[in-house]
Amino acid sequence: MSRSVQRPVLTPVHHPLLRSELVGHPGLATMEVLRVPAGSNPSFVSRMQLQVLVELCPELGDAWPR
């Protein structure tokens, strides 16, 4: 029996968040993509950072299971 992993389908958001909006945000200051912009791909965010990102751009919440 094989297990299938359900992954979210990523689509562009209508109003993307700009780096300038993220850099000064206290909840996102430690985000990997801001600290090491030439780092790994994909970059990871913590659950707390994802929550802040969804608050700033509710469309992002549509891509993740609740």
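Key figures for this structure:
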| item | result |
| --- | --- |
| Estimated 222 nm signal from helices in the chain, with DSSP H stretches of n ≥ 4 weighted -39500 (n - 2.57), rounded to 500 | -7000 deg cm²/dmol |
| Value in Å of the Kirkwood radius, where the chain supplies the Cα pairs that are averaged | 13.4 |
| Full-stretch length increase - R3, R19 - with 0.36 nm per residue and alpha-carbon distance subtracted | 2.0 nm |
| Karplus-derived HN-Hα couplings along the range 20-29 (A = 6.51, B = -1.76, C = 1.60, θ = phi - 60°), whole Hz, x at Gly and Pro | 4, 6, 7, 4, x, 7, x, x, 10, 4 |
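Taken together, the values in this text are just the output of simple stated rules run on the coordinates, not laboratory data. As the structure is a prediction and not an experimental result, all values here were calculated from the model.
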